[in-house]
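Here's the structure we're looking at; comments come further down.
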Amino acid sequence: MAGPAPARARSSFARRHHLFWYFRHAVLLAWSGFVLFPIFWMVLTSFKDAAEWVTWPPHWIPHDPTLHNYRQIFTFSQLGQDLTRQATEQVFNIWGALMDSLLICTVSSFVSLLLGTFLAYSVSRFGVGGKNFRYLILTIRMVPPIVVAIPILMYYAIMIPHTTEVLTGVRVSFYDTYSGLGLLYVATTLPFVIWMMLSFIDEVPYTLEHAARMMGAGRIHTLRRVVVPLVASGMVVTFLFIFILNWSEFLLALTLTHPNVTTLPVLLNKFQSAVEGRLYGPQAAIGTVITIPVVVLGILIQKHLVKGFSFGMIRK
Amino acid sequence: MAEAQAPPAGRARTEAPAGAGWARRLSAWLGQERVFRLIPFILVEGTFLLLLAIPFVLTVYISLLKWRANRPFEQAYFEGLGNYVDVLTDPEFWWALGRTFYFAGVAVVLELLLGFFLAMLLYREFRGRRLYITIFLIPMMVVPVVVGYNFSMIYIDSGPLNEILAPLVRLVGGDPRIRWLSHPIAAQWAIILADVWQWTSLTFLIFLSGFSALPQPLISAARLMGASRWQIFWRVQLPLLKPVIVIAVVIRSMEALKIFDQSVLLTFGGPGNSTQTVAFYLWRQVWQFNKFSFGAAASVLLLLIFSVLIYFGIYLLVRERAMLHKEGA
Amino acid sequence: MAQIVLKDLVKKFGWITAVAGVNLRIHDGEFLIMVGPSGCGKTTTLNMISGLETPTSGEVVIGDTVVNDVDPGERGLGMVFQDLALFPHMTVFENIAFGLRVKRVAEEETRRRVRQVADVMRIGPLLEKRPSQCSGGEAQRVALARTIITNPAVFLMDEPLSSLDAKLRVDMRTELKHLHERLQATFVYVTHDQAEAMTMADRIVVMRGGHIQQVGEPLEIYRRPANQFVAGFFGTPTMNFLRGAVAKEGGRPLFRAQSLAQPLPAGSPLTGGGGEVVLGVRAEHVLVGEGSKRGQVTLTEPLGDETLVFFDFGGEAPLVAKVNPEMHLAPGDRIAFEFEESGFHLFDAATGERLN
C-alpha cells in the first residue's frame, strides 16, 4: 500500500511541475522578445546603409553594416552629398541637441534634487505641509502637461516680456530659453524628488539626529555628517530617476523651445516630420544615442527602483 | 586656528574656515528650527506659484478674450465665454476626449492584466529571475518619443511586422505589405500597443513589489489549513493585493490619459483624426492653428475635467495606502 | 553640581497633555528611575530635561541655572536612546569620537580618550567595526561609551535595555549599576519595567497620566504604595485587591467583602456614609495552610524557589498566594488561608488613595 501509491503521486506532481516550468519560461521568453524587439530593430537600422532601409523583405541583419549614419549625425557639416533623397536645409548634427539636453537635464535635475531634498527633510522631521502633503504634491504630476504648456507659453512669451518691458523697458522672454525650460523641468520633477526623498529620509531614525544634537552638533553639522551620508544613495537614485524623466520629456520641450534650444526628443521629431523621404538610418542612430545611455542608467538603478517602489508606495 | 588644533583628517579644515565667524553665525541662524523649516517650503511653494499658479490665472484671462496668435496681443478683445462655447460645441473636442478615454481604458486594462500575470510568474525565486526582471523593466526607461519612432518603423509596409505576418496574410490571399498606419482602427491599436509595450513594465513593477510585500505567515497559515493553490490565490492573495491593484490603476490611468508623444510621432493624429488624443488636439489648436483663446479655454475645461478625476484618484490612493498601513504590511 | 530641579513642568501637544505639572528634585549623584505605563509622560519629561522637547510651561534647572533656553548640547548631559542611535555609517571609533570631534578636540587627545573609554567598556577590539557588526550587548556598551566620553555630569537613559533579550538585560543591569558607582554621576533612567526600577534605583518616581504618583526608595514604594495604582504596578504577582467596606464591629474595625470578614488592626480608618474601600494584600502575605477562611485551588505555578497558588474563595476574583515549594497543592484542593496582619493596605475605592 505504501509502496506504489507515493510513487504515482510523485510522478504526476513532477509532471505538472515540469509543464508549469515550460509554460512559464515560454511566456517569459515571448514577452522578453516582445520587449527587446523594437530596441533591437532600432539599433539594427542605425547600422544599415540607406539602400537597406526599406527593403522588402526587411533585412534582419544588415548585408552591408555601416557607421555612416552615426558619422552623419555627429558631424558638423551640412547634408552630405551621399544622400539620395531630397531633404530640408536642417543641419543634421546631433551635437547641439545633445549639449542642450545634457545641460538642461543635468542642471535642472540637480536643482530639483537639492530643493526637493530640503523640503522632504522639513516634511519628514517637522511635518511641514500637513499629514497628507506627500499625496497633495503628487497632484501636480497628475495634471496633463498640455494643460500646463499653454499657460506657460503665454506666460513666457507674452506676459513676462510685456511686464518687464513696461517695468524696465527691456523685453525679457523666457520662451525658447534654457532657463525657461529648465525652471519648468524643476517644477515638474520636484514632486517626484519630494516623494522619493521623503521615503528615504523617513528611513533614517530621528533618534540619530537627537543623539548628535545631545553631543553638541548643530543642525547643519548633523545634516552633513549624519543624515546626508545615510540618504546619499537615495539621492543618487532620485537624481538618475528625474534625469531620465527630463531626458525623455517631449511635450514641454516641443511647445516651448526650438530652434534656439533643442532637446534630443524634439530633434528626433523634427526628422520625423520635416524630412520628406524618411531618413531611417540617421533617425535610428539618433534614437539609439538617445536611448542607450538611459537604458544603461536605468538598469543600474533598477534594483533601487524596485526597492524604492516597495517602500515608497507599498510599505511605508 | 585650524592648524594649532591638528585637524582630524581634514575635517576641522572644512568646519572652521579661517576667519569665518560670520559663516558660523549664519550656519547657526539657518539651523534654527523656525528658519529651517520655512526656507525650502517658501522656495518650493514659490516655484509652484510662479510657474504654475500665475500662468494658470493668465490662461483663464486669455480664454475670455478672442485672440489668434498671428495678430498682436493688443488687438484681442473681450469675448466672455464665447470661446468656451466654441470648444464645447466642437465635435472634434468631444471625439478627441472620447478617444483618449478609449485608448487609456484599453491600454490600462491590458497593462494591468499583463503586468499582474508577469509579476505572478516572477515573484518567486528561480534561476534567471533577475535577468527577466531587468529585461522587463527596460521599456519604462526608453524615451517615449523613441518608442513612437520605433513602432513607426516596425509598422511601415516593408517593416518586420509585415514580414512576420506574411505567411498568414498570404494564406488569406492578401498582400503582405500592409500599411498599418493608414487604417484608422489599426492606427489606433498601434498607439495602444506602443503604450502597452512601454508601460506594462510599470504595472509589472508595482505588482512585483506588491507580491513581495505579501505577508508570508498568512499564506503559510492558509497552506496548513489545507487550502489549494487556487484557493489561496483567490481568497488570500488577491484580496491582500487589492490596495496595490487600485494604486496601479490610479497611477497608470492618470498617465495614460495624457498620451501625446506617440500621437505625434507615430501618426500625427492620423489617418484623418482617428488617433487624435485630447492632448494632441489641444496642441494642434494652439501651435498649428494659432487659436490661442480657443486653446486657453479648452485647457481650462480640460483642467476642470481632470481635477475631478485627480481628486477621485487621490482619494482612492490615500484610502488604499491607509488600508495597507493598517494591515502592517 | 549635577542636581536637577523640575518646577511645575507641563507639556502639551495640541489638545493632549503629556506632562501635567511635574515637580521633582533629583539629587546629585543618585540613580533615579522614572517608571510607569506607556503614555504616562516619563519619556516626555526626560526629553524636557535633555532639551529635545521644550516645556509648555515650567522650568528645568540644572545645577543652579535655568536651562529652558539652553541647547541640548550645551547642558552637560549625556543620553542613551532606546534604539541606541548609533550612526550606522560610521565605525565604532567614529561613533564614540563624534562628541569630541564636534567640540574640535585635537585628534591625538580624541584617540587617546576613545581608547581609554573603549577599554573601560571592554569594546577595544570593536573599534574598527560598524555598529551593525556588533552584538546587542556590544552595541549597548558602544552607546554607553559614546555617552561617557564627554564626561557629562548627568546621564539620561530612555529605556535602553528594552531591545535586549532577557538574559542580556539582567547582565546589563548589573553593569549599569557598576558604571554608576564608578562614575559617581547622576543617572536619570526611564523604563516601564518595574523589576528594572526596583533593582537599580536609588529612588523611584512613579508616573501615570502625566502626574507623579509617588517618589521614594524602592522598598518604601513596595511597602507603602501611595495609591492603588502604585500598589498594583509593583510586585509580581500583582497584589490581591478586595473591594468592601470597613465598619466598627465589636470594638474593632472589620472589613467586609462578599463572603469575607477580616478584622483590621485598631486605628484602621472606617468607611462612613457608604464609601467603599479596597483592601490590598500581597501574595506573600497570604498564608495558606491554616486559618479561618476557606478556598479552593484553581491553578498552581511552581517557580522553583516558591510556588504561586491561585484560588477562589467565593469572591469575584481569585486570590494568589506565595507558598513554600514543599507544599504540594493541585487544582481542586480545598485549603485554609489567612492574611498576615502586617500586610494590609487600604485604599479609597473611588480615588485609589492610601488610607492607612
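Out of curiosity, is C:ARG115 assigned by TED's automatic domain parsing to the domain that holds C:THR199, part of a helix (DSSP H, G or I), within 17 Å of C:HIS180 (Cα to Cα) and touching a Gly at 6+ places or on another chain (Cβ under 8 Å)? Against the criterion (assigned by TED's automatic domain parsing to the domain that holds C:THR199, part of a helix (DSSP H, G or I), within 17 Å of C:HIS180 (Cα to Cα) and touching a Gly at 6+ places or on another chain (Cβ under 8 Å)), C:ARG115 does not qualify. Residues that are of a type in the set (Val, Ile, Thr), within 14 Å of another protein chain (Cβ to nearest Cβ) and closer than 15 Å to C:ILE26 by Cβ were ranked within segment C:60-92; the one that is surrounded by the fewest Cβ atoms within 10 Å (Cβ to Cβ) is C:VAL67. For segment B:78-122, filtered to residues that are in contact with a strand residue (DSSP E or B) (Cβ under 9 Å, 6 or more places away or on another chain) and part of a helix (DSSP H, G or I), the residue that is surrounded by the fewest Cβ atoms within 10 Å (Cβ to Cβ) is B:GLY82. Every listed requirement among (1) more than 9 Å from every other protein chain (Cβ to nearest Cβ); (2) modelled with pLDDT under 90 is met by C:LYS103 save one, (1).
Within the set B:LEU50, B:LEU26, B:LEU38, B:LEU81, the sole residue that is more than 31 Å from the chain's Cα centre (by Cα) and modelled with pLDDT of 75 or more turns out to be B:LEU81.
Condition check ((1) over 17 Å from C:GLY78 (Cβ atoms); (2) within 17 Å of the chain's Cα centre (by Cα); (3) not assigned by TED's automatic domain parsing to the domain that holds C:VAL215) across all residues:
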site	(1), (2), (3)
C:LEU9	yes, no, no
C:LYS12	yes, no, no
C:LEU24	yes, yes, no
C:ILE33	no, yes, no
C:LYS42	yes, yes, no
C:ILE49	no, no, no
C:LEU52	no, no, no
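Condition test on B:VAL142, is it at pLDDT 85 or above, in the same structural domain as B:LYS258 (by TED's automatic domain parsing) and on the phi < 0 side of the Ramachandran plot?
yes
Against the definition (at the interface with chain B (Cβ under 7 Å from one of its Cβ atoms) and either surrounded by fewer than 24 Cβ atoms within 10 Å (Cβ to Cβ) or closer than 23 Å to B:LEU302 by Cβ (or both)), how does A:PHE133 come out, yes or no? It is false that A:PHE133 is at the interface with chain B (Cβ under 7 Å from one of its Cβ atoms) and either surrounded by fewer than 24 Cβ atoms within 10 Å (Cβ to Cβ) or closer than 23 Å to B:LEU302 by Cβ (or both). Taken over segment C:286-307, the criterion of being closer than 12 Å to C:PRO237 by Cβ and not in a strand (DSSP E or B) is satisfied by C:LEU303, C:GLU306. Filter segment C:54-81 down to the residues that are among the hydrophobic types (A, V, I, L, M, F, W, C) and in a strand (DSSP E or B), then identify the one that is farthest from the chain's Cα centre (by Cα). Restricting to residues being among the hydrophobic types (A, V, I, L, M, F, W, C) and in a strand (DSSP E or B), the top hit is C:VAL66. Put simply, of B:LEU118, B:LEU110, B:LEU165 the only residue that is within 12 Å of another protein chain (Cβ to nearest Cβ), in contact with a helix residue (DSSP H, G or I) (Cβ under 6 Å, 6 or more places away or on another chain) and either more than 30 Å from B:ALA297 (Cα to Cα) or among the charged types (D, E, K, R) (or both) is B:LEU118.
Restricting to segment C:220-246, count the residues that are within 20 Å of C:ARG25 (Cα to Cα) and surrounded by fewer than 21 Cβ atoms within 10 Å (Cβ to Cβ). Number of matching residues: 2. Note on segment B:213-329: enclosed helices (runs of 4 or more DSSP H) holding 1 or more residues that are assigned by TED's automatic domain parsing to the domain that holds B:VAL109, within 18 Å of A:LEU251 (Cα to Cα) and not hydrophobic (A, V, I, L, M, F, W, C) are B:238-256, B:278-283, B:292-327. Scanning segment B:89-122 for residues that are within 13 Å of B:TRP199 (Cβ to Cβ) and touching a residue at least 60 places away in the same chain (Cβ under 8 Å) yields B:PHE103, B:ALA104, B:VAL106, B:ALA107, B:VAL108, B:LEU110, B:GLU111, B:LEU112, B:LEU114, B:GLY115, B:LEU118.
The residue that is surrounded by the fewest Cβ atoms within 10 Å (Cβ to Cβ), counting only those in segment A:148-202 that are among the acidic types (Asp, Glu) and farther than 20 Å from A:THR257 by Cβ, is A:GLU165.
Name the single residue that is nearest to A:LEU223 (Cα to Cα) among those in segment C:48-87 being free of Cβ contacts under 8 Å to residues at least 60 places away in the same chain and touching a Leu at 6+ places or on another chain (Cβ under 7 Å). Within segment C:48-87, the match that is nearest to A:LEU223 (Cα to Cα) is C:PHE87.
Scanning segment C:3-47 for residues that are of a type in the set (Gly, Ala, Ser), part of a loop (DSSP other than H, G, I, E, B) and surrounded by 16 or more Cβ atoms within 10 Å (Cβ to Cβ) yields a total of 3. Return the residues of segment B:123-141 that are aliphatic (A, V, I, L, M), surrounded by 16 or more Cβ atoms within 10 Å (Cβ to Cβ) and free of Cβ contacts under 8 Å to residues at least 40 places away in the same chain; say none if nothing qualifies. Across segment B:123-141, the qualifying residues are B:ILE135, B:MET141.
I'm checking my understanding of the structure. Among residues of segment A:1-54 that are modelled with pLDDT under 80 and assigned to a loop (DSSP other than H, G, I, E, B), which one is farthest from the other protein chains (Cβ to nearest Cβ)? Here the residue is A:GLY3.
Given the options A:ILE201, A:ILE140, name the one that is assigned to a helix (DSSP H, G or I) and either farther than 22 Å from B:VAL44 by Cα or more than 8 Å from every other protein chain (Cβ to nearest Cβ) (or both). Step through it out loud before you land on a result.
Numbers: A:ILE140 fails: either farther than 22 Å from B:VAL44 by Cα or more than 8 Å from every other protein chain (Cβ to nearest Cβ) (or both).
One residue alone meets the criteria, A:ILE201.
Is segment C:124-143 home to any residue that is touching a residue at least 60 places away in the same chain (Cβ under 8 Å) and either closer than 30 Å to C:GLY21 by Cα or not assigned by TED's automatic domain parsing to the domain that holds C:GLY29 (or both)? No: segment C:124-143 contains no residue that is touching a residue at least 60 places away in the same chain (Cβ under 8 Å) and either closer than 30 Å to C:GLY21 by Cα or not assigned by TED's automatic domain parsing to the domain that holds C:GLY29 (or both). Going residue by residue through segment B:268-280, is there one that turns out to be more than 30 Å from B:ARG319 (Cβ to Cβ), at the interface with another protein chain (Cβ under 9 Å from one of its Cβ atoms) and touching a residue at least 40 places away in the same chain (Cβ under 8 Å)? Yes: segment B:268-280 contains one or more residues that are more than 30 Å from B:ARG319 (Cβ to Cβ), at the interface with another protein chain (Cβ under 9 Å from one of its Cβ atoms) and touching a residue at least 40 places away in the same chain (Cβ under 8 Å).
Yes/no per residue for (1) of a type outside the set (A, V, I, L, M, F, W, C); (2) in a helix (DSSP H, G or I); (3) at pLDDT 80 or above:
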| residue | (1), (2), (3) |
| --- | --- |
| A:HIS210 | yes, yes, yes |
| A:VAL226 | no, yes, yes |
| A:VAL231 | no, yes, yes |
| A:TRP247 | no, yes, yes |
| A:LEU268 | no, yes, yes |
| A:GLN272 | yes, yes, no |
| A:VAL306 | no, yes, no |
| A:PHE309 | no, yes, no |
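Across segment C:100-110, the number of residues qualifying as touching a helix residue (DSSP H, G or I) at 6+ places or on another chain (Cβ under 8 Å) and either over 25 Å from C:GLU74 (Cα atoms) or not hydrophobic (A, V, I, L, M, F, W, C) (or both) comes to 5. The number of residues in segment C:162-219 that are among the aromatic types (Phe, Trp, Tyr) and surrounded by fewer than 19 Cβ atoms within 10 Å (Cβ to Cβ) comes to 0. Within segment B:164-190, residues that are more than 25 Å from B:GLN276 (Cα to Cα) have Cβ atoms under 9 Å from residues that are outside any loop (DSSP other than H, G, I, E, B) and among the acidic types (Asp, Glu) in these pairs: B:PRO176/B:GLU163, counting only partners at least 6 apart in sequence or on another chain.
The values are calculated or read from the model by the stated rules, or taken from the named source; none is laboratory data. Keep in mind it's a predicted model, so treat the numbers as computed, not measured. Here the Cβ is made from the backbone with ideal geometry for all residues, glycine too, and neighbour counts use every protein chain on show.
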